[in-house]
Protein chains: 2
Amino acid sequence: MLKKYLLLCFLMGSASSFLAQSTDKDAFFIKNIHNAALTQGKSYEWLTFLSTQVGARLSGSPQAAAAVEYTKQMLDTLNLDTVWLQPCIVPHWVRGEKEQISIVQSNTIGNIDLNGVALGSSIGTGKDGVAAEVIEVKSLEEVDQLGEKGIKGKIVFFNRPMDATQLNTFAAYGGAADQRVFGPIRAAKYGAVAAIVRSMTTRLDDVPHTGTTFYSETERNIPAVAISTNHAELLSQLLKKESIKIFIRTTCQHLSPKLSYNVIGELKGSEFPEEIILVGGHLDSWDLGQGAHDDGAGCVQAMDVLQIFKRLNYQPKRTIRCVLFMNEENGQAGAIAYRDSSVAKQEFHLAAIESDRGGFTPRGFSCEGDESIFEQRFKKILAWSDLLEPYELRFQKGGSGADISRLKPQKGLLFGFIPDSQRYFDYHHTDIDRIEAVNKRELALGVAAIASLVYLIDQYGL
Amino acid sequence: MLKKYLLLCFLMGSASSFLAQSTDKDAFFIKNIHNAALTQGKSYEWLTFLSTQVGARLSGSPQAAAAVEYTKQMLDTLNLDTVWLQPCIVPHWVRGEKEQISIVQSNTIGNIDLNGVALGSSIGTGKDGVAAEVIEVKSLEEVDQLGEKGIKGKIVFFNRPMDATQLNTFAAYGGAADQRVFGPIRAAKYGAVAAIVRSMTTRLDDVPHTGTTFYSETERNIPAVAISTNHAELLSQLLKKESIKIFIRTTCQHLSPKLSYNVIGELKGSEFPEEIILVGGHLDSWDLGQGAHDDGAGCVQAMDVLQIFKRLNYQPKRTIRCVLFMNEENGQAGAIAYRDSSVAKQEFHLAAIESDRGGFTPRGFSCEGDESIFEQRFKKILAWSDLLEPYELRFQKGGSGADISRLKPQKGLLFGFIPDSQRYFDYHHTDIDRIEAVNKRELALGVAAIASLVYLIDQYGL
């Protein structure tokens, strides 16, 4: 990667030309941003409240409403130019009673309960539950190969692990999550009665991970659960020796959609107010744990970027807007409402930065945009590398964020904030995604990283 | 930093010449090292035992003896060429009974106990304790300025915080730790009856941090304790309003020195056995918590480097030696014994790598060596940057490690393994430096980083 970077710099010569123009003022201001974030940041205090006093906040839940109210109140304290709520209609899925997932027939170990949770958007078994023989598969293709003959009447167990040898755990997640998202509906097609998915983590532990599974009003759906990796290993071992029957009881339901909101605050630009720089995260979380890393961290970081600019008396040239998107986890109604409203108002997002990979030590930003103008803009931001290198922040090409990627047609530059990824999937979508898993300094450095990038875009455009 | 790096590469032209020689085999082997460390590493399992079954292991303690025995047993399982214990005589300091540190005279808050611990190597107050008025200072110089007139008969409270705005927390530690190491003995010189030091951490919390303080058999010593940062803040606030008297009772003692050991294992080199590449950490810890990060992590990483090489059937050209140094925290008797023995045997350490900054995500290595040959060697290792860049590992100039730096006169290259530093001083020298604070993947990636560097040095020399 470094080699490519060197080549880029030297081929285009833009790094040195920018450095000639750039002044010590930028380095100084970026240092001030870091100092303020580390000593006067609000992100950890806000996240502590959001985690412990609001808690898990799935779309449509009372806690999601509380999260809207709390974050709006906090933005209201910052003396921004505008703070508002943007309505959206969100799905309202509820988990219901504590799930029961049990091995009920095994000569080796008798009956035991498995650590498991229903997958988000999945249907319930009903009160009586469902019991059936289990068949293990490692891929969607294997389901197709088995077909109705191999699948009908059974519980399909998707057990391809995340690849622990990937340095970037998001790549490992990307290589396994198809089982959770599309596995159950694929198994349903061939007559399976339920689906079990190995939890999405590289760890071997007892913590089940929820997450969305594809749900269709027009296709056959089946109850779907995730079990912990330790229990997935156990089940797989047992299946090598004997036929196993499992009982699943879940009472999840799809209730009527609810009115909810994106929470938005902005500082109006003094020179180019029509050029918007968005910083955002998503306000909803799954209904387990506290949604501290996913994505409370991203929300409080976006809010703290504005707090820091106000504290430093920074007058932006462009409009800097903090957007806390509702319903990223199961529908993205907030992102769609935001995009639709933005199109209707003929807005232009010069840049958007989403933080949705946890509140860990910053490593840089991934960057994407409309092909017609991407390379030119990417060169421009690479010329800022020397200003960000003291903070070990680097740019790479790649996806940005689920919410902001809908703004791509506006032809701005879209950034995903990249923190260290090693611990994220220990906590992702679980009961242990709690404030205790978040380090205050690491969270604050993320604020500083994002604010530094916003500052450079605001100063120099793209 | 990147800019400097570019300049270096291009001025000397060695990066490209190495790349031309280097083969895909190196990239492939380094990837294999990472795969093995992430999926077949032993470091976390060993660290779990060392933390939970051995526990804190201050030099001279029964647990230090257990740590010697356990790590030797584990090295014995690896089919190394040689495993041995190297004797050293260590100081034997004991904390004694739970410390009492209490505000006993305050009009504002009455009497309260402070969260505090005795500093390592400090003397005790005796059973009756000591009570005196407190005077706050921010530096050693301030003690000198106050002199006997301002200090005599008082308890001196050193309260200069670590600078939270430093990105590298070790730099912040370096800027504050003189108060702990030299503060008490300086205050003693002017007649103080005891010293209190603000804990060395950027956090505001209730956890006191121990650590060594300078002890002299020929100078006047006084009892010295550290209090938590929250209580340091409280005490400082109170002192702005009123005179405060504090009672301190500690029963620390210096007992007779004990026989202990460095634990050493090695793989003999096939081509250049006389060129030693050392990987190491220190086996002792402070007597609070479990010494998981400091420095259990470094020990199990060094051990796992050998385990990984054996697992990959790697036949080193040079001798690769794992050294677990005893007594780094309060005397470095192990490092001295090792150096003396090495000099007597006329050994040559081509390179030494110490891991003593916690088991966090790797960022690279700092590097130092004898001036006469350092720049030439540093250029050589920079030429490997492209092979390490995919793992985000970089070289910088700087200190290596307390134990290995004594080998500098042998004119080899000395490396400090550098992990992410943001969380280290949350745990350093405290009751919460426990296995729960260590992430398995982060620890294993450290093994892979160190093993990759050892591999390159072994293949290409310096």
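The values are calculated or read from the model by the stated rules, or taken from the named source; none is laboratory data. In this text the structure is predicted, and so the values were computed from the model without any measurement. Cβ atoms come from the backbone with ideal geometry, glycine included; neighbour counts cover every protein chain shown.
Only one of the numbered conditions (1) in contact (Cβ under 8 Å) with a residue 60 or more places away in the chain; (2) within 14 Å of chain A (Cβ to nearest Cβ) is not met by B:Leu350, and that is (2). Note on region B:93-108: residues that are in a loop (DSSP other than H, G, I, E, B) and at pLDDT 95 or above amount to 5. Just so you know, in region A:59-69 the residues that are in contact (Cβ under 8 Å) with a residue 24 or more places away in the chain and out of contact with any helix residue (DSSP H, G or I) (no Cβ under 7 Å at 6 or more places or on another chain) include one that is surrounded by the most Cβ atoms within 10 Å (Cβ to Cβ), and it is A:Ser59.
May I ask you to verify whether A:Gln166 is within 14 Å of chain B (Cβ to nearest Cβ) and either free of Cβ contacts under 8 Å to residues at least 24 places away in the same chain or among the charged types (D, E, K, R) (or both)? Taking the combined requirement at face value, the residue satisfies it. For region B:359-380, residues that are touching a helix residue (DSSP H, G or I) at 6+ places or on another chain (Cβ under 8 Å) and away from chain A (no Cβ under 12 Å) total 7.
Among the residues of region A:169-180, is any under 24 Å from A:Phe247 (Cβ atoms), away from chain B (no Cβ under 14 Å) and either surrounded by 21 or more Cβ atoms within 10 Å (Cβ to Cβ) or among the charged types (D, E, K, R) (or both)? Yes: one or more hits.
In region B:185-198, the residue that is farthest from the other protein chains (Cβ to nearest Cβ) out of those that are part of a loop (DSSP other than H, G, I, E, B) and in contact with a Gly (Cβ under 7 Å, 6 or more places away or on another chain) is B:Gly191. Could you tell me whether any residue of region B:199-206 is part of a strand (DSSP E or B), small (Gly, Ala, Ser) and touching a helix residue (DSSP H, G or I) at 6+ places or on another chain (Cβ under 9 Å)? Scanning region B:199-206, I find no residue that is part of a strand (DSSP E or B), small (Gly, Ala, Ser) and touching a helix residue (DSSP H, G or I) at 6+ places or on another chain (Cβ under 9 Å), so the answer is no. Kindly check whether there is at least one residue in region B:130-140 that is closer than 30 Å to B:Ser260 by Cβ and buried (at least 21 other Cβ atoms within 10 Å of the Cβ). No - not one qualifying residue is present in region B:130-140. Checking each residue in region A:207-230 for being assigned to a helix (DSSP H, G or I) and either surrounded by fewer than 23 Cβ atoms within 10 Å (Cβ to Cβ) or under 20 Å from the mean Cα position of the chain (by Cα) (or both) picks out only A:Asn230. Once region B:149-163 is narrowed to residues that are in contact with a helix residue (DSSP H, G or I) (Cβ under 9 Å, 6 or more places away or on another chain) and assigned to a loop (DSSP other than H, G, I, E, B), the residue that is farthest from the other protein chains (Cβ to nearest Cβ) is B:Lys154.
Could you please find all residues in region A:148-178 being over 22 Å from A:Ala131 (Cβ atoms) and not small (Gly, Ala, Ser)? Those that are over 22 Å from A:Ala131 (Cβ atoms) and not small (Gly, Ala, Ser): A:Arg160, A:Pro161, A:Met162, A:Asp163, A:Thr165, A:Gln166, A:Leu167, A:Asn168, A:Thr169, A:Phe170, A:Tyr173, A:Asp178. Look at (1) in a loop (DSSP other than H, G, I, E, B); (2) away from every other protein chain (no Cβ under 14 Å); (3) surrounded by fewer than 18 Cβ atoms within 10 Å (Cβ to Cβ) and you find that A:Ser122 fails only one, number (3). For region B:415-451, the candidate set comprises residues that are away from chain A (no Cβ under 12 Å) and part of a helix (DSSP H, G or I); within that set, the residue that is nearest to B:Asp163 (Cα to Cα) is B:Ile435.
Selection within region A:15-50: residues that are at pLDDT below 95 and crowded, with 17+ Cβ neighbours inside 10 Å. The member of this set that is nearest to the other protein chains (Cβ to nearest Cβ) is A:Ala15. All conditions in (1) charged (D, E, K, R); (2) under 29 Å from B:His34 (Cβ atoms); (3) touching a residue at least 60 places away in the same chain (Cβ under 8 Å) hold for B:Arg339, with the sole exception of (2).
Scanning region A:370-420 for residues that are among the aromatic types (Phe, Trp, Tyr) and farther than 25 Å from B:Tyr391 by Cα turns up just one, A:Phe374. One residue stands out among those in region B:385-408 that are of a type in the set (Gly, Ala, Ser) and more than 14 Å from chain A (Cβ to nearest Cβ): the one that is farthest from B:Arg339 (Cα to Cα), which is B:Gly398. In region A:70-101, of all residues being of a type in the set (Lys, Arg) and under 24 Å from the mean Cα position of the chain (by Cα), the one that is surrounded by the fewest Cβ atoms within 10 Å (Cβ to Cβ) corresponds to A:Lys72. Please verify whether B:Leu462 is within 27 Å of B:Gln315 (Cα to Cα), more than 21 Å from the chain's Cα centre (by Cα) and within 14 Å of chain A (Cβ to nearest Cβ), treating the condition exactly as stated. No. Applying the set (1) in contact with a helix residue (DSSP H, G or I) (Cβ under 9 Å, 6 or more places away or on another chain); (2) farther than 15 Å from B:Phe325 by Cβ; (3) not charged (D, E, K, R) to B:Pro91 leaves exactly one unmet item: (2).
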